[in-house]
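The values are calculated or read from the model by the stated rules, or taken from the named source; none is laboratory data. Not measured: the values here are computed from a predicted model. Cβ sites come from the backbone with ideal geometry, for glycine too, and all protein chains shown count toward neighbours. For the accessible areas, the whole protein counts, side chains as well, though only heavy atoms, and no ligand, DNA or RNA atoms are used. Shrake-Rupley method; radii C 1.70, N 1.55, O 1.52, S 1.80 Å.
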Amino acid sequence: MSFSASVLTLYPEMFPGALGLSLSGRALEAGTWSLQAIQIRDFATDRHHTVDDTPAGGGAGMVMRADVLARAIDQASPAGDPRPRLLMSPRGKPLSQARVRELAAGPGAVIVCGRFEGIDQRVIDARNLEEVSVGDFILSGGEPAALVLLDAVVRLLPGVMGNAVSGEEESFENGLLEHPHYTRPQEFEGRPIPDVLISGNHKKIAAWRRAQSEMLTKERRPDLLAAAPQPLAK
């Protein structure tokens, strides 16, 4: 069964966007995963297709209506749909590589893209939306965040990456940032490839890469270092 993504948005034309290119695009064409972009305005009942209203209690901006969004969610994800319902939100739990792997191992996802000041809390509660954040910053809407999430997930689907092993050493897969990479030419503007990488000694290469990962993580993401698994004794 392929991975099925349904994205609820006010801007369905933003999809598949970059997901229609490269690895994810080829996988989309091959049927490894599917994508449905659903226009939330289609579920408004007034002649102006209104999806938002002023916030209760006053304040700036507008809030997406619970009733309109609930109808959209119910159409995209009827009773019995096993896919998790995600809401892209800056107040959500940070997206991690572990969560990405969980999603990639599942049947797909229903992704809600908010706009304006946010969406009515009652639809979050009533439709059991899992709030997910892609970083400590604010976007104009949830669509770019949804594209990021889907890109991270789709590349892990079976057969999408040419060499599945290549994904195992990337940043966050082992709790550390990824080590530096080098390729030809052997010398570039006076900078040679480190000798250990052309030594042919795989044990030393592995140790060098681990040390480099630990050094970069300590410098840039010390919060990850304490939780990183230690290498097995040989």
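Below are the figures for this structure:
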quantity: Pairs with Cβ under 8 Å, 6+ apart, first in region 198-214 and in a loop (DSSP other than H, G, I, E, B), second at pLDDT 95 or above and open to solvent by less than 50 Å² (accessible area, probe 1.4 Å); calculated: Ser199/Ile205
quantity: Which numbered condition Glu189 fails, given (1) over 30 Å from Asp52 (Cβ atoms); (2) among the charged types (D, E, K, R); (3) under 12 Å from the mean Cα position of the chain (by Cα); calculated: (3)
quantity: Subset of region 1-60 that is loosely packed, with under 13 Cβ neighbours inside 10 Å, part of a loop (DSSP other than H, G, I, E, B) and aliphatic (A, V, I, L, M) - its residue that is farthest from the chain's Cα centre (by Cα); calculated: Ala56
quantity: Sole exception among (1) open to solvent by 30 Å² or more (accessible area, probe 1.4 Å); (2) assigned to a strand (DSSP E or B); (3) of a type in the set (A, V, I, L, M, F, W, C) for Ala109, by number; calculated: (1)
quantity: Cross-chain or 6+ apart pairs with Cβ under 7 Å, region 66-78 first and farther than 14 Å from Asp42 by Cβ and touching a residue at least 60 places away in the same chain (Cβ under 8 Å), then basic (Lys, Arg) and open to solvent by 10 Å² or more (accessible area, probe 1.4 Å); calculated: Ala66/Arg122; Ser77/Arg83; Ser77/Arg85
quantity: Options Ser140, Ser133: the member that is surrounded by 15 or more Cβ atoms within 10 Å (Cβ to Cβ), closer than 24 Å to Ile40 by Cα and among the hydroxyl-bearing types (Ser, Thr, Tyr); calculated: Ser133
quantity: In region 207-223, the residues that are loosely packed, with under 13 Cβ neighbours inside 10 Å and within 11 Å of His179 (Cα to Cα); calculated: Ala211
